[in-house]
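A short reminder: the numbers here are calculations on the coordinates, not readings from a lab. Bear in mind the structure is a predicted one, so any value in this text is a computation, not a measurement. Here the Cβ is made from the backbone with ideal geometry for all residues, glycine too, and neighbour counts use every protein chain on show.
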Amino acid sequence: MNEKLNPFHIAILIHVVQVGVTVFSLPRLCAVYYGTNGWIWIVIIGIAVTANIALIHAAVKMGGGRPLPEMLGLFLPKPVSGILQLAIGCMYALSACLTSKQYVLMFELQSFPATNPYVFRAGIDVLILCLVVIGIYNLGKAATIVFFATIPFPFFYLSLLHDVKLVRYTPFFLKDGGHWVEGFFQVFAAFLGFELCLFLVPYVQRGDTRWFYAVYAGNTFSWFIYLALTVLAFGFSSFGQLKDLLFPLLEMAGHLTLPVVERVDTLMFTFFFLMAVMTATAYFWMATELVTYVFPNIRKGWVAAFLIASTYFVSSIPNELSRVSAWLQLMAKLAIGTSFLLPVLLLIGMLAARALGRVKAP
Amino acid sequence: MARWVSALFRKNRSGKNDSRGNKGNESVTDGQGRTPEDRRPFFSLVRQQFHDCHDLVHRSYPHLGVDLLYFGHLVGPEELDRDLVRPLETVDPGELDQLLARSQFMRVETFTEAVESILDGQAVLFLRDGKDGVWLAQVSNPPGRSVEETEVEGSITGPHDGFSESAQLNVALIRRRLKSARLKAIRLRVGELSHTDVYVIYIEDIANPAFVEELISRIRDVSIEVLHEAHELVQLIEDHPNSVFPQFYTTERPDITVNKLSQGRIAVVVDGSPTVVTAPASLMEYFNAADDYYMRWISATGLRILRFIAFIITVSFTAFYVSITTFHYELIPRTLLVNLAESRARVPFPPLYEALFMEFTIEMLREAGARLPSKIGQTIGIVGGIVIGQAAVQAGFTSNILIITVASSAIASFVIPSYMMSTSLRLLRFGLILLAGIWGNLGLMLGFGFIIADLSHLTVLKSSYMTPLAPFNLRDWKQLVIRGPYWSLRERTSQSRTRNRIFSKMKR
């Protein structure tokens, strides 16, 4: 690969991978888990996510341009690092497959109640395979196109501003909530995708350390969009409605009408397909990178095809939206754990490797 | 005899048609293991080579010991008369050496060179059977079309001349507009039998040398017997031959070619083709027309936006109709819903079949119209208009709204200036219609996903096809996406990777 990812594409890529269908249920999650004015937790969780990214940044800096598997190999025995990579890879692959399955089931709920979702998913998986094999640089280009195709939609919500009632932002903060820890995981899951930055090291300009600020920028943009939409939802719908509606932001979009399109929500959800596919693709790509490093003799295309095919069958076990969501929540918790613990492990390991003299201090 | 023929072919393969420079046949060089007989172009040997070629003309001047060989239809009669026949008829035998020292005569050293010169349309002069020397006279002027207006890329404002089939003429049309010694034209030859001249043209210090080298090396690597056309060459040298999208920009207009060259791109002129190829190209270029640069920038920008909308319409409008009438009635505004339901009520087929039937009809009409003479073509237009306009609706085959949809898609495809791109997009439309008919909006998005995946990994000479969208470059937008005012167009586009980026130094 001659060309390297530039900061603009990294920012877009991180944003596009982060934003998925969870955004539509974000106001409900905030209302259910944090209660009145629960949107305030988006700010707090955003800070936690930024801290997590800073942790990864520190680990990447410590690695001095080494890719993740190489860093692990510096302080872990080969079998241990191999098993760890395979485990993380499998988790990412399953998360990716469940993300696409969640989207398909949600779409089925809306438009195709009688259609078999397995054929849909097979079609989507072929697309994901095509995207994974073109590599991360081209994925960055695809993300840019998807970004430009979907960026108008958040602005559609601005036309609902006149329906926002200030009275719905009650003076009470975080009443009727309760499950803060569970809520933290649920809302944090909406930000997941930033872990991609850990895998981008070999694909950026060597010696350039500023690229990581693009990761912060991409995450901040997603954070801003989440916050703006959730604040809007809290002013548009009552607290009770927010708790009851499965996808409050889709319901809000249902109030939008264009002269040529009656139900903007359907259209918006349709375009979100590309976002969901990009998220799933990025996770499959990360999984492929990890597995390829353990088995360097197998071509990436075959690894990706194997991962996509195998997770297709595993993810067929949960067959309802609620069960898929439950599986996804479990995967999200594992992914959150990984996103915190992996950089910590890398930092400690690299310090140890440096102390043992395996790596030169910069 | 067989040895000469094999020597000739051996040269063609090993030499890879290498003739860089202005002299006609520099490709023939020594030191490649040829036999001494091969190096000496005797008249009898050359004549023997062209046995059974009844169009070869042999003239002899016994008092001078001179024999001439040439193809009568490849030489210009005036040039032949002025430079060769008249001087030879009037010259004294003692003054022949002085005559042959004139600049129109060039010494030929080898047998192969002599044969190739005759094939190129030169006249070859043998002095005493070639024992005292062989010369060629530059009298080539093969028949061909003169400069005419191009039919596929018409323009309202701006120049009307188009390229023709002669590479020499096409290079001349470019040179006439770029009177600079920095405009370089490297001649290559492609085709073991056809020996087609291919010129790689670029402006030195503006075009990226790496692109020039890459293009030349790819053209040299082409190994076919006959090269017919520039589009054929393009498909042999492009990065991704299996993609549906055209990757090298092709044009029949000298003004567009000159514009591309000045932007740091490289042009390829193929003899026998009125099409000139420019590279590297990006998707956005296919939506630019020559007129854009002659109109006022606001009007030109408006037209470009119109073409981008046309792009979306031609690819997805019919598919969207199929999707919403099959699965997503909720998207249709209530006011339109009644009309649509009434219109669809009499149609016995599902929207997918209805749309495919209409699209096939339109495509057949277009294809028939493209091949037929213009007088009969008009009849096709009328028949098509009646068939798809009224009869299909009255017979209950299709709905009125589908007619409008299909017609809009067809018109939108003709708005796109590049015929190659327009053809590709029409093909994509069928794929999207099928997907929309099976899976509705989700299928449509799936189709878009595949298009995005294809576009994202496409490269032209290893540079991104999607520039300036991805890699994102806002400065290029005023050149490629909109048409910025001339005072703002200061730099060349980034895709050409030129070292000399400043395009205009005008201050305002």
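Remarks
- The Cα-based radius of gyration of segment B:418-508, divided by its Kirkwood radius, gives an Rg/Rh of 1.13.
- The relative contact order of chain B, computed from alpha carbon pairs under 8 Å that lie at least 6 residues apart in sequence, is 14 percent.
- Unit charges at the beta carbon, dipole of segment B:295-463: most positive-side option, B:Phe360, B:Leu461, B:Asn339: B:Leu461
- For A:117-129, mean number of other protein chain Cβ atoms within 10 Å: 3
- Its Cα gyration tensor gives segment B:249-321 an equivalent ellipsoid. The semi-axes, each the square root of 5 times an eigenvalue, are 26, 17, 10 Å from largest down.
- A P(r) calculated from all alpha carbon pairs of segment A:170-238, with 5 Å bins opening at zero, reads 3, 12, 16, 19, 17, 11, 9, 6, 4, 3, 0 percent.
- Cβ-derived FRET efficiency at R0 45 Å, B:His73 paired with B:Thr379, nearest 0.05: 0.75
- Of all lysines in the structure, the ones whose alpha carbon falls short of 22 Å from that of A:Lys78, not counting any fewer than 8 places away in one chain, are A:Lys300, A:Lys360.
- Segment B:Leu372-B:His51, extension gain: residue separation times 0.36 nm, minus the distance between their alpha carbons: 111.5 nm
- Under the Debye formula (equal points on every Cα, no solvent term), log10 I(q)/I(0) of segment B:167-281 at q = 0.17, 0.20, 0.21 Å⁻¹: -0.76, -1.07, -1.18
- Peptide A:6-16 is shielded by partner chain Cβ atoms: per residue, an average of 1 of them sit within 10 Å of its Cβ.
- Basic side chains Lys and Arg get +1 at the Cβ, acidic Asp and Glu get -1 at the Cβ, and with that the dipole of the protein assembly as shown about its Cα centre reaches some 2920 debye.
- Assigned charges on the beta-carbon of Lys, Arg, Asp, Glu; segment A:208-362 dipole about Cα centre (debye): 800 debye
- In angstrom, the C-alpha Rg and Dmax of chain B are 28.7, 99.
- Charged side chains reduced to their Cβ positions (Lys and Arg at +1, Asp and Glu at -1) give segment B:295-463 a dipole of some 500 debye around its Cα centre.
- Length-normalised contact order of segment B:418-499 in % [C-alpha pairs under 8 Å, at least 6 apart]: 14 percent
- Electrostatic bookkeeping for A:Ile88 treats Lys and Arg as +1 and Asp and Glu as -1; over the other residues with beta carbon under 12 Å from its beta carbon, the sum is -2.
- Normalised alpha carbon radius of gyration of the protein assembly as shown [divisor 2.2 N^0.38 Å]: 1.18
- The tail of the calculated P(r) for segment A:237-362 beyond 23 Å holds 60 percent of all Cα-Cα pairs.
- The mean count of C-beta atoms from other chains within 10 Å of the C-beta of residues in A:135-144, rounded to a whole number, is 6.
- Ordering of A:30-38, A:298-306, B:89-97, A:133-141 by packing [mean C-beta count within 10 Å, highest first]: A:30-38, A:133-141, A:298-306, B:89-97
- Within straight-line reach of B:Lys478, meaning a Cα separation under 14 Å, sit the following aspartates and glutamates at least 8 residues removed in sequence or on another chain: B:Glu285, B:Asp292, B:Glu491.
- Highest average packing first - B:345-351, B:465-471, Cβ atoms within 10 Å: B:465-471, B:345-351
- Estimated FRET transfer efficiency (B:Glu151, B:Leu178; beta-carbon r; R0 30 Å; 0.05): 0.75
- Pair-distance distribution of chain A: all C-alpha pairs, bin width 10 Å, starting at 0; shares per bin in whole percent are 5, 24, 33, 24, 10, 3, 0.
- Distance cut-off 21 Å, percentage of C-alpha pairs in segment B:121-206 lying past it: 53 percent
- For chain B, the longest principal axis of the alpha carbon atoms and the long axis of helix B:419-457 meet at an angle near 30°.
- Computed over neighbours whose Cβ is under 11 Å from that of B:Ala207, the net charge equals +4, Lys and Arg +1, Asp and Glu -1.
- Residue pairs exceeding 23 angstrom between C-alpha atoms, taken from B:Lys260/B:Lys462; A:Lys4/B:Lys260; B:Lys462/B:Lys507; A:Lys175/A:Lys243: A:Lys4/B:Lys260; B:Lys462/B:Lys507.
- Estimated vicinal HN-Hα couplings, Hz - segment B:266-276 in sequence order (Karplus 6.51, -1.76, 1.60; Gly, Pro = x): 10, 10, 10, 9, 10, 5, x, 10, x, 9, 10
- Debye equation applied to the C-alpha atoms of segment B:295-463, log10 I(q)/I(0) at 0.12 Å⁻¹: -0.62
- Paramagnetic reach from B:Ala345 (point 7 Å along Cα→Cβ, amide N under 15 Å) across segment B:356-398: B:396
- Its relative contact order, with pairs defined as Cα atoms under 8 Å and 6+ residues apart, puts segment B:167-281 at 32 percent.
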